[in-house]
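Student: Quick one: the structure is below, questions incoming.
The values are calculated or read from the model by the stated rules, or taken from the named source; none is laboratory data. As the structure is a computational prediction, the values presented were derived from the model and not from experiment. We place every Cβ from the backbone using ideal geometry, glycine too, and count neighbours over all the protein chains shown. Remember, those area values only see protein heavy atoms, side chains included, never the ligands or the DNA or RNA. Shrake-Rupley method; radii C 1.70, N 1.55, O 1.52, S 1.80 Å.
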Amino acid sequence: MANYSSSHLIHPGGGVATQSVRVSVSHRAFAFWQTVIGKKVVMAVTGAVLVGFVIAHMVGNLKIFSGPDEINAYSRFLREVGTPELAYGQLLWVVRIVLLLCVALHITAALQLSRMSWAARPVEYKMKRNLETTFAARMMRWGGVLLVVFIIFHLLHLTAGEVGFHAGQFRHLAVYQNVRAAFAVWSVALFYIVAMGALCLHLDHGIWSMLQTLGWNTARNEKMLKMISRAIAIVVFLGFSLVPVSAMAGWLH
């Protein structure tokens, strides 16, 4: 939507002419982003994309229990999807970029919502009561920080092999062998499990908030949706944690 203001020009003959000058252009999407509901919608939509990825990634990880041939072939498949129309690994990079954009938008919206909340209530309440909140909701901020740290470490660790491995230990596309070597270090395995605990809490509250923002909850289905959110969170935690636990227990050979 364009906004205009008028300025007056004096001609030599004494006449006055009006000149329309466009002074600003307000883009609807940008204006929507500036609102609280806009940021919540962005968080909900990007959250939905990320939840879908997390579930798919968990299912893919569980292929490790089918043996090295299965999980390593799956890793190659992810890089060969779209060929020959696309170059090797090209579609995978497109997916990665989309996911990173979603993470960036999700974090930005969350930070800006927090700032808007603080600005609306500059003086803290003398008595703070968490009457209608949960532990998962209260841990969203710190859990989110831990997840950002985990994502960076995970990309450098099991994706790129830049940290957590001895020289020459990490092998490209040898997922099974890399996972066994990575989780042979108990501190690394423990960090993954703790991070998955943070993810579980984040999903428990985040999925429910997403459904609320998108208007899918009603008085009748509210309890059921909360149960579904918690069930998804627990399944994701167990699915991801099973891999480092199995590696430490020697169940992967």
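Student: Arrange the residues W93, W208, W142 by how much accessible surface each exposes, largest first, with a 1.4 angstrom probe. Write down the numbers at each step before the final one.
Tutor: Working: W93 145, W208 25, W142 175 Å².
Final ranking, largest accessible area leading: W142, W93, W208.
Student: Treat each spin label as a single point 7 Å out from the Cα along the C-beta direction, and report the A29 to E222 distance in nm.
Tutor: Using points 7 Å along Cα→Cβ, the separation is 3.5 nm.
Student: Something else about it: How long is the gain from Q212 to D69 if the chain were fully straight, where each residue apart is worth 0.36 nm and the alpha carbon distance is subtracted? Spell out each step's value before the answer.
Tutor: Values: separation 143, 0.36 × 143 = 51.48 nm, distance 4.24 nm.
Taking Q212 through D69 to full extension adds about 47.2 nm, to one decimal.
Student: Describe numerically, in nm with one decimal, the distance between label points set 7 Å from Cα along Cα→Cβ at V194 and at R171.
Tutor: 3.2
Student: How high is the FRET efficiency from Q90 to L113, r the C-beta distance, R0 25 Å, rounded to 0.05?
Tutor: 0.10
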